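Report on the following structure.
Laboratory data are not the source of any read-out in this text; all were calculated from the coordinates shown. Here the structure is a predicted model, which is why all the values come from computation and not from measurement. As a convention, Cβ positions derive from the backbone with ideal geometry for all residues, glycine included, and neighbour counts pool all protein chains shown.
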Amino acid sequence: MNEQTGSKLSFSSDALAEGLKIAREASGKSTTECGQLLGISSSRIRSYESGKYIPSLPELESLAYIYNIPLPALLDPQSLPKFIHQPNTRQFKQLLDIRSHIIATRLQLARENQGITHKELSKQTSISVPRIKRYEKCELPIPLNELTALSDALGVDFADLLDSESPIGSWQTAQIKMQSFSKLPDETQAFALNPANQPYIALAKQLQEIGQEKFKQMSESIQNILSTFNPKE
């Protein structure tokens with residue numbers, strides 16, 4: 001089992017070899033391609049993946065970059081699935097059909113619940129009535145620009161139409177979270193990633209859940225308690 005504590009690093013050569021092989025295959029790159037990028041032979045790459053030889057730190061860092069995998073994950077194959085994106089192409093058609101029906105149903109329900117006719121919606125969006133009807137029956141895919149027009153006209157939050165549950169949605173959500181985190185100031189990222197700061201983050205989350213008014217009341221109560229220890233003269 002790999003452990004990383006402070007500036008010390010311990011790892012299993014077998015685990016590293018396994019991680020390198022899994023990561024390379026997931027990236028779709030051949031040993032020849034990787035060898036050319038690093039300026040070494042493909043047989044050398046294979047020897048790293050078999051555990052016969054162990055790569056240098058610069059080589060390992062480069063391979064992690066090539067495979068788009070965090071270096072610590074290469075040392076721990078069990079954590080690799082969290083970072084490897086391997087779409088199951090056999091599910092694409094089924095997922096597309098399900099997602100299209102969900103969106104069509106949400107738009108239809110929003111229109112019916114508001115008592116808006118096809119004709120009225122057509123007038124608001126400049127989309128023909130026959131086309132709107134076909135969209136609601138899921139007979140046609142809805143182009144993004146027309147989906148935006150329909151959701152705006154019906155007051156449907158576009159974020160509610162985004163996929164968040166299927167494998168595609170889960171992957172997209174994770175990408176958005178990582179993108180949002182990467183936009184934080186460097187010092188904020190460093191603070192959040194430091195395990196020693198987790199209690200402070202947990203406390204901040206609890207304070208947020210309390211609510212502003214409740215927090216204000218707590219603050220006033222604390223001030224009252226403190227005032228009993230320092231009475232005004």
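Overview of values
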quantity: Longest site-free stretch - the chain; sites: trypsin sites (Lys or Arg not before Pro), DSSP loop, at most 13 other Cβ within 10 Å; calculated: 53-136
quantity: If the convex hull is drawn through the Cα atoms of region 90-161, its volume per residue in Å³; calculated: 79 Å³
quantity: Distance between region 66-83 and region 112-175 - C-alpha centres, whole angstrom; calculated: 38 Å
quantity: Computed [θ] at 222 nm, deg cm²/dmol, the chain (DSSP H ≥ 4; -39,500 (n - 2.57); rounded to nearest 500); calculated: -20000 deg cm²/dmol
quantity: Among Ile132, Ile201, Ile69: highest mean-square fluctuation, GNM of the chain, C-alpha pairs under 10 Å; calculated: Ile201
quantity: Relative contact order (%) - region 90-161, alpha-carbon pairs under 8 angstrom, separation at least six; calculated: 35 percent
quantity: Viscosity 0.692 mPa s, temperature 37 °C, Stokes-Einstein D of the chain from Kirkwood C-alpha radius, µm²/s; calculated: 140 µm²/s
quantity: Pairwise FRET efficiency - Gln179 versus His101, Cβ, R0 = 45 Å, nearest 0.05; calculated: 0.95
quantity: In Hz, Karplus ³J(HN,Hα) per residue of region 124-131 (6.51, -1.76, 1.60; θ = phi - 60°; x = Gly, Pro); calculated: 6, 10, 6, 10, 4, 4, x, 5
quantity: Region 126-199: Cα Rg divided by the 2.2 N^0.38 Å rule of thumb; calculated: 1.71
quantity: Phi-based couplings in Hz for region 65-82 (Karplus 6.51, -1.76, 1.60; Gly and Pro marked x); calculated: 5, 5, 7, 6, 10, x, 3, x, 5, 5, 7, 9, x, 5, 8, 4, x, 5
quantity: Gaussian network model of the chain, springs between alpha carbon atoms under 10 Å - residue of Ser219, Ser164, Ser42 with greatest fluctuation; calculated: Ser219
quantity: Distant alpha-carbon pairs in region 3-82 (separation over 17 angstrom), percent; calculated: 38 percent
quantity: Projected-area mean, region 185-233, by convex hull of Cα positions, square nanometres; calculated: 5.4 nm²
quantity: Whole-Hz couplings from phi, Karplus 6.51/-1.76/1.60, listed for region 213-219; x for Gly and Pro; calculated: 5, 5, 5, 5, 5, 5, 4
quantity: Length added when fully stretched, Gln198-Leu71, from 0.36 nm per residue minus Cα-Cα; calculated: 43.5 nm
